[in-house]
Each structure stands twice: as C-alpha cells, then as structure tokens.
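Enquirer: Structure provided below as structure tokens; questions to follow.
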Amino acid sequence: MTGRSGRDGEARPESLPARRSLGRRSLSGEVFALQAVIVLVLITAATLALVFQARYDSRQDARNRSLAAAEAFAHAPGLPAALASADPTTSLEPLAEGARRGSGLDFVAVMTKDGVRYTDSRPELIGKRATGDLSRAAAGQSFTEVFSGQPSDAVRAVVPVRDAQGKVVGLVATGIEVRNVGQALSGQLPLLLGSAAGALLLGTAGAALVSRRLRRQTRGLGAADMARMNEHHEAVLHAVREGVLIVDADHRLLLANDEARRLLDLPPDAERRHVADLGLDPRTTELLVSGRVATDEVHLAGDRLLAVNVRPTQPSGGRPSGSVMTLRDTTELSALSGRAEVARQRLQLLYDAGVRIGTTLDVVRTAEELSEVAVPRFADFVTVELLEPVLRGDEPSAASGVHTEMRRAAMSGVRTDQPLQPVGDVIRFVVPTAPMAAALDAGHAVLAADLHAAMGWRAQDAAGTRIALDYGLHSLISVPLQARGVVLGMANFWRAADTPEAFDEEDLSFAEELGARAAVSIDNARRFTREHATAVTLQRSLLPRVLPDLSAVDVAFRYLPAKAGVGGDWFDVIPLPGARVALVVGDVVGHGVHAAATMGRLRTAVHNFSTLDIPPDELLGHLDELIDRIDQLENGKPAAGDGVDRGADDGPEVEETAGITGATCLYAVYDPVSGRCTIASAGHPGPALVHADGRVEFPELPAGLPLGVGGMPFETTELVLPEGSRLVLFTDGLLEDRDRDFDTGLAVLRETLAQPGRSPEQACADVLAALLFPAPSDDIALLIADTRRLDHGRIAEWEVPGDPVAVSRVRREASEQLAAWGMEEVSFPAELVLSELITNAIRYGNEPIRVRLLRDRNLICEVSDGSSTSPHLRYAATTDEGGRGLFLVAQYADRWGTRYAERGKVIWAELSPSDGGGAALPGALDLDALEDLAW
C-alpha cells in the first residue's frame, strides 16, 4: 500500500516518544514514584509522632489536673481539724465527693499517713490501705505518678496534709484512671488520620504536577536517554570549531568548550572564576562585563583576530540573565578582509564623490568639493587648477600647446600650514617631464610614487619643490580633468608625512576614476555658468535700466537673479496720462533664457496695453488672452477662432515647448490728483501699504488666477492712499525659500517696513538685508514707491455749457490761469488745443462737458464729455471746410490721446513748456476762426 507520503513501504524513523515507550520508565515517572514514597513515609512518621505526642499530652494533663486538685483539697481550711475528729469519714466524705465532681477526676481519697483511706469514690475501699509507695508524701513531698495496680491503673497525685505546726497529719490522693485518659486520645485519632490522608493526597498531587512538568521538559526521556543526550551535547560542544563561553549574571565563567580554551588560552581551572581573572584582552573583558549585545566584533587574542558574538541568556526564576559568547578565528581572513575593506572604502568614497561633487553648479565650488571629498580619506592634500576660459564659463580651446598654465581654483589639506601655492595663483607647466605636464600630454593620470626621484617636477621650481620635500610631501598623482575630450583643468593628489604609504597603481586607477567624475560635474557647472551669464545679460537688457522721474511717485527698486538660474521676475514703472503712473511686478514660471525672454515679451505687452489707458482688470484680461494665444501658437495648436483645421497629415509634429501659462502679474494705477490707487492681481501677492506713521498693512485683493489659465475675469480693488503713503510691490522669491514659508517672510517684511523716516533706497537696502538668503533659490524683484499728491493750486477745472459761445470764455480763463502759473510760453498752444477740444465736445459730444488743467512737469489739458465716440486723426482734403482741428492738436501737443471712463471719455494733450508748445505758428492766427475746423 501507498502511504500518505506517496512512497511504498518506506520505513520512517521512530519519534522520540516512540523510542521512549520501548525503553525503561521515563525520568519523570521515576521521580514521581520516589516523591510518592517519600511523601508516604513522611506522613506516616508524622502521624505516629502526633499519636505519641497526644498520648503524652493527655497523661501530662491528667497529672497536672490531679496535682492541682490534690493541692487545693489538702490546703482547704479545716481539713487538719477534720482529720483529728472522732469520725473523719463522716465529715470528709461529702467534701471529697464534691471536690471530685467539681474537678472531673475519677477519685479523691483522704488517707492517714499510713495510707488508710478515710474517704474514697468507691465506698468499699474506705478503711483499707492504699497500695503503692506513699512514703514520699508521708515525708511531706507532693508527687504524681502513673500507678499500676489495685483497684485500677490510674494517673494519681498524692499531697501531704499539714496542721498548723507543719506536721503531716494525713494524705490526699486524687487521680484519673488510665482507661479514661486513653478515651481522650481515641477521640482525637479520627482527626489525625483524616489529616494524614489529606496530606498524603496533597503530597501525591504535588508530586504528580512536578512529574508532569518534568515530563514536558525532558520530553518523556529516561535517565539513560538524558545521559546519552548530554554525552552527545558535550561531544558536539567540544568538537565544533567555534569557541563558546557561558557567563552567569555575576560575570563568572560557567562553561568553556575546547575551542574557546584554545583560542583564549584559558587556564584549566577557569570555570567559576570571574572573567576579569581569566587574562583576556581588556576589550573582550569589558564586553563580557557590560552584558551588551555584539555581532561580529573583532577582538584581539594574542596574535589572533577573533570575530565575537554575544547574546544574553533567558532570565530564570526572577534572576538576572547571564550571557553566551561565541568566537571564530578570522586571522587567516584578515589579509583578504583588509583588501576588501580598502575596496569598500574606495567604493564608498566614489559614492560620496558622486553625491557631494556638483551640488551647486558653480565651477569654483565644484572644484572645492573635489578637493574636500578626497581629504583625508585618499590624500593629505589636493589641489585643483582650471583653465581661465573654464572659470569664465567659456568653452576651452582644444588646440595643442595652450595648456601650459592654469589658475589654482581650490585646495584642501589635513593641515593649514601647507607649502603649496595658494588659491588664485597661476600654475605653469613648463617642464615636459613633470607629472602635471606629462599627464596633460598623455591624456591620463600619471603617478610619481617618490617625489624625491621626480626630477622633472623638481626642475620646474627648484626652491618651491625643496620646501615641499622638506615639509614631507613624498608622493603625487596628477590627473587631467577632461570632459567630452576637452581638457578643463588638472587635479593633483599629494601625500605627506601624515600618510607614510606612497601611492600605488591601484591608487592611480582610483584617482583617474575620481577625476573623470569630477570633470563631468565641472563641465556641467561651466556650461551652466555660460547659460546663466547669457540669461542674466538678456534679462538685464529687458528690464528697465532707469526709471522715469515722475511727480506722482518717488521710486526705488532692486532685482536679484537666483543663484540656481535666472528666472522671470520683472517690474516696471509706466507714466500714464493725467500725471498718473502704473506700477507693475510679475513673475514667470521657470528659470533660464526661456524665462527671461518670456519676461521681456510680457513687459512689452504690458507697455503696449498700458497705452490704451484701460483699467487694470481689462489690461490683465487682454494679457491673459495674449498669453493663451502665444502658448497655442508655440505648441503648434490652432488658436481659438482662427478657423484653421489642422489634420494629422498637415506636416510634421511640432515639439511642445515650455509655455507661459502660470505667470503672475500685479498691475496698480496711482492717480496723484485724487489719491486713488486701482489694483488688479493675476495670481500675484498683493502689495504692502506703509502709512506715514509706520503702520503697515497688506490690503486684501481679489484672488485672481495666474495668466494663461483663463476662464475667470479679473477684479479691481480701489484704495484711497493717505498723504505720504508708501506702496511696496514684490515677488514671492523675496519672502519664501526652502527654509522659510511665505507667512514668516511676510511677518519679517512687515517688521522691516515699519521703520519710518527712510527713503525708498534706504528701505530697499533694509528689506534685502532682513530677507535675503545667502543663495536665493528664486529671483527677487522689489519695487518701493513713495506716493505724492498733486497740490490743489496746480489744478484748474471748469464746467462748460453746451453753447459754442462758452469756448472763448473758457479759453480766456485758462490763459489767465496759465499766466498765474508762470507758463505764458505755452499759453497760445494751450488756448489753441483747448479751443479745438472744447468745440469738438460741444458739437459732437454730450453733456456734461468739463475742462481740467494740470500743472505737472508738463501742462496737461483734459476735456471730458458724456459721449463714448472717439475722434480720429485724418488728413483733410483741400476742398474740405473742416477736419483739421485734431491735426493741429497733434502738431502742437507733445502727446495726446483718449481714455474712457465709466461714463464718457476724456481727450487729453500734454504741452511741454521747454519747447514753447511745439512747431511755430506761421504768423498770428485767429483762434475764434479755428473753432470752425471740425474733425
């Protein structure tokens, strides 16, 4: 038959219980039988002892009771007199009987000195002599005894009776019969036997429990099996090629196998001795005493290296645990492990080099990281020299013969008092046989194991090399730093007296690998430096270099590019008609040339849209549409509404480029006449408003979406700025960085701006000093503008009725106002412009019509009406009677234009007093006749 295992007739090894069942009784059974016999013997002996003790106690109690009763009766008052009476029996019998009953005795007898009874509990004995020896009592001594004889065996007491003179005149005998004493013992015997039986059951049960636990621990093995198992364990313990020590909680040696004795050279009587007395290595002794866990620690034992493991033993019975130590002889593997450790250290150093070199994309810092990572684990001193074009970020020339000199860019060493040329010096390689020149010529690393024998190196600078040799430099590896087949520089690894071992061939290959990795990082840093410089140049050319000098605001600014790369932060100050000014800050996502170019496009677009003189929310809306259209066109997608359906076969797929979507912008327009500031934001942080008393607030602005996202209109917020207020516009790079969040930066900015009495330039410097990080990760743009109000004395306004007759009156009053302002040189051009603009408003516009003159750096003439119709400049034909008025305004005004209000429009013109109002007029003109020149 086939068993469950699927193998026919295969004999299985007998299990441990099966082998035990075929042998003799198990150890647990033997222990149980022995314990049961011991319990039985102990309980039997205890029972017998209790019986004899109870018998003895009963007789002793009978003696004491008899003696006490006899003493009491013998000393009773009147007893001597009763004995001397003629009939003692008659007087004493009732008394003796009462005493017997009261004391619970079997008899009370009063006798003469010779033992003749006067009274007795048995009347037939009265008058008879008592048996036994009564001489002691007759002599005056009381005694107790166990009497055997007639009339019955008893425990009796005999006490003499004395008269007043102390003479013995009689005897009193009391007692308890022996059979009555035995009855008391018979009454206690069932209790004693029951207790013995219970103790026997408890003892047997305890023995059974102990035997059962022992059975589990010994797995039912017999004594012979356990002895054999112990022999096997001893054989294995002393046969293994690994030392074993077992130490108790008191740090005394309990067991050591043969291998441990051999490895540690233990004395024969090592067991039970303290580990400190075994002559072990101090580190090994400290490990055993400390009780700590150890895994494969290397310890010295004579000329051997031992791999040591220590584990604590399991605590037992609440006692602290000891420990077990195992030892392996690793002396033969030390040489191999030493070389493996060196290889491991080299791999770890290469890994660290890959992590630590090239973290900043700065050429000089990368060279410094190369020198720092190799000291002191590989060399005592490291110098790095780079070509001048590499330091500037330029591409080095690949032509031969141009690498005879380099500039030292980095140096590290184990000491600061080194004999090598300092950082910044030009290092020349003029001797072809010197290690540096030979490495550059060969294109690989060159080893100079003994610098005393390197004659080419010594010939290059005899005095300097002598100082280096006297200092202790004795070995050198020169490695050319090459990337993409182009030499970038040179790395030199030096060893001095701190490392007596000279470099070898293995060190040479390692140094070459380290130099190759560093060269890639240096080349990356060089290319980044070039791109960074290009982006910085582009960005600075696109940012405003000089801000306009305006009456409305006093402005200062700061722009700082990020260390990691130029970003797209920008700012602008744009003059607007009516003495107003637009303040702009923005941020383009990303870094590099693309971000800088995108910033320039956005700044140009904002300039163009600002000429339309539209509200900030509309300007941001146009900018958002423009960005969306640019993104679609640059990514090869049709812009919305262009009516072009491009199929899959219309041409090759255009690679998608980085878009502009995600740029932010803040656009604020300040009017110095009213003091109002209108602000709109496209995902950009709002400005800070600093009051004249130093109080700082951050006005709440509607949270607009970034530019290019689309889908939601922008909203404006209008603020009335108090006199002497300051607006602070910034990008988020000023406030937040890796180690600081936006809210923390905002709190620092608030505290810095709260200091009054500083100019905008001073405020910019203080803000950067408080918030600038040593290596900012993002661009920073800061614009601070102190606002000014236009004095009311520099403003003149008129309400104009819809009658052409009013034109001359307003013109005349305007001329008088200009004379009061001292601006007579622009009086005539101003009258001409006002005459044409007012006449046009009366003819073609709607009421109300207003005229306003603003005396700023230029004269600003504004005529507003309720019509939204915009005039257009055109050339009138020779036969046309009108249409030349706006042409004249354009000729005599520096600038003119139209802006729309909520109701109506404003036509404005600026006249500069410096040029006398533009082109000269041919002769005297009749201004009233010019009113007929309609456009």
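Enquirer: Below 20 Å, Cα to Cα, which aspartates and glutamates can Lys128 reach? Residues fewer than 8 away in the same chain don't count.
Expert: Partners within reach: Asp87, Glu93, Glu97, Asp106, Asp114, Asp120, Asp153, Glu177.
Enquirer: Using the Kirkwood formula on the Cα atoms of the range 26-236, what hydrodynamic radius do you get, in angstrom to one decimal?
Expert: So the Kirkwood estimate lands at 21.4 Å.
Enquirer: Can you find, among Val673, Leu191, Gln150, the residue sitting farthest towards the positive end of the charge dipole of the chain, where Lys and Arg contribute +1 and Asp and Glu -1 at Cβ?
Expert: The listed residue farthest towards the positive side: Gln150.
Enquirer: If each residue of separation counts as 0.36 nm, what is the full-extension length gain between Asp554 and Ala901 once their alpha-carbon separation is subtracted?
Expert: 122.2 nm
Enquirer: Here's something else I'd like to know. Assuming 1.567 mPa s and 4 °C, estimate D for the range 550-626 with Stokes-Einstein, Rh taken as the Kirkwood radius over Cα pairs, in µm²/s.
Expert: So the translational diffusion coefficient is about 95 µm²/s.
Enquirer: Can you work out ³J(HN,Hα) from phi for every residue in the range 191-204, in order, using Karplus 6.51 cos²θ - 1.76 cosθ + 1.60 and θ = phi - 60°, giving whole Hz and x for Gly and Pro?
Expert: Each residue of the range 191-204 in turn: 5, 5, 5, x, 5, 5, 5, x, 4, 5, 5, 5, x, 5 Hz.
Enquirer: Are there GluC sites (Glu not before Pro) in the range 775-833 that DSSP puts in a loop and that have at most 16 other Cβ atoms within 10 Å, and which ones?
Expert: Listed in order of number, the matching sites amount to none.
Enquirer: Taking 0.36 nm per residue of sequence separation and subtracting the Cα-Cα distance, how much length would be gained by fully extending the chain between Val720 and Leu40, in nm to one decimal?
Expert: 233.6 nm
Enquirer: From the residues Leu201, Ala72, Gly567, which one has its Cα farthest along the dipole of the chain in the positive direction, the dipole being from +1 and -1 charges on Cβ of Lys/Arg and Asp/Glu about the Cα centre?
Expert: Among Leu201, Ala72, Gly567, the one farthest towards the positive end of the dipole of the chain is Ala72.
Enquirer: So, how do all the Cα-to-Cα distances of the chain break down into 10 Å bins, in percent, from 0 on up?
Expert: Result returned by the calculation: 2, 8, 9, 8, 9, 8, 7, 8, 7, 6, 4, 4, 5, 5, 4, 2, 2, 1, 0, 0.
Enquirer: Place a point 7 Å from the Cα of Arg55 along the Cα-to-Cβ direction; which residues of the range 144-167 have their backbone N under 19 Å from it?
Expert: Residues 145-149, 153-156 qualify, since their backbone N sits under 19 Å from the label point.
Enquirer: Amide H to amide H, which residues 5 or more places from Val169 or on other chains are under 5 Å from it, using H placed in the peptide plane?
Expert: Under 5 Å from the amide H of Val169 lie the amide H atoms of Val161, Arg162, Asp163, each far enough along the sequence or on another chain.
Enquirer: Okay, moving on. Return the ratio Rg/(2.2 N^0.38 Å) for the range 452-552, where Rg is computed over Cα atoms only.
Expert: Cα Rg divided by the expected 2.2 N^0.38 Å: 1.82.
Enquirer: Same structure, new question: Under a 5 Å amide H to amide H cut-off, with H placed in plane at 1.01 Å, what residues pair with Asp894 once short-range neighbours are removed?
Expert: Glu910, Leu911, Ser912
Enquirer: About its Cα centre, how strong a charge dipole does the range 240-329 have in debye, to the nearest 20, once Lys and Arg get +1 and Asp and Glu get -1 at the Cβ?
Expert: 240 debye
Enquirer: Let me ask something else. State the answer as a single residue: which of Ser808, Gln539, Ser475 lies farthest towards the positive end of the charge dipole of the chain, with beta carbon charges of +1 for Lys and Arg and -1 for Asp and Glu, about the Cα centre.
Expert: Toward the positive end, the furthest listed residue is Ser475.
Enquirer: Quick one: which residues, 5+ away or cross-chain, put their amide H under 5 Å from the amide H of Leu305? H built at 1.01 Å from N.
Expert: When sequence neighbours closer than 5 places are left aside, the close amide H contacts are Thr330, Thr331.
Enquirer: Could you derive backbone 3J(HN,Hα) for the range 419-435 from the dihedral phi with the Karplus parameters 6.51, -1.76 and 1.60 (θ = phi - 60°), listing whole Hz in sequence and x where the residue is Gly or Pro?
Expert: Working through the residues one at a time gives x, 8, 5, x, 5, x, 6, 8, 9, 10, 10, 9, 9, x, 8, 5, x Hz.
Enquirer: Quick one: which of 861-870, 84-93 comes out on top by average Cβ neighbours within 10 Å, and what's the full order, highest first?
Expert: 861-870, 84-93
Enquirer: OK, next. Please compute the length gained on full extension between Asp766 and Asp441, using 0.36 nm multiplied by the number of residues separating them and subtracting their Cα-Cα distance.
Expert: That pair, Asp766 and Asp441, stretches by 111.6 nm at full extension.
Enquirer: Using +1 on the beta carbon of Lys and Arg, -1 on that of Asp and Glu, and nothing else charged, what's the dipole of the chain about the Cα centre, debye to 20?
Expert: So the magnitude is around 8080 debye.
Enquirer: Rounded to the nearest 500, what is the chain's calculated 222 nm mean residue ellipticity when only DSSP H runs of at least 4 contribute -39500 (n - 2.57) each, over all residues?
Expert: After summing the helix terms and dividing by residue count, I get -13000 deg cm²/dmol.
Enquirer: In square nanometres, what is the average projected area of the Cα convex hull of the range 338-532?
Expert: The directionally averaged projection comes out at 10.1 nm².
Enquirer: Another question, then. Apply 1/(1 + (r/R0)^6) to the Cβ-Cβ distance of Thr869 and Ala463, taking R0 = 60 Å, and write down the FRET efficiency to the nearest 0.05.
Expert: Given R0 = 60 Å and the Cβ-Cβ separation, E is 0.10.
Enquirer: Using +1 on the beta carbon of Lys and Arg, -1 on that of Asp and Glu, and nothing else charged, what's the dipole of the range 26-236 about the Cα centre, debye to 20?
Expert: Dipole of the range 26-236, to the nearest 20 debye: 420 debye.
Every read-out reported here was derived from the displayed coordinates using simple, explicitly stated rules and does not represent laboratory data. Quantities reported herein were computed from a predicted structural model and do not represent experimental measurements. Every residue, glycine among them, receives a Cβ derived from its backbone with ideal geometry; neighbour counts consider all protein chains shown.
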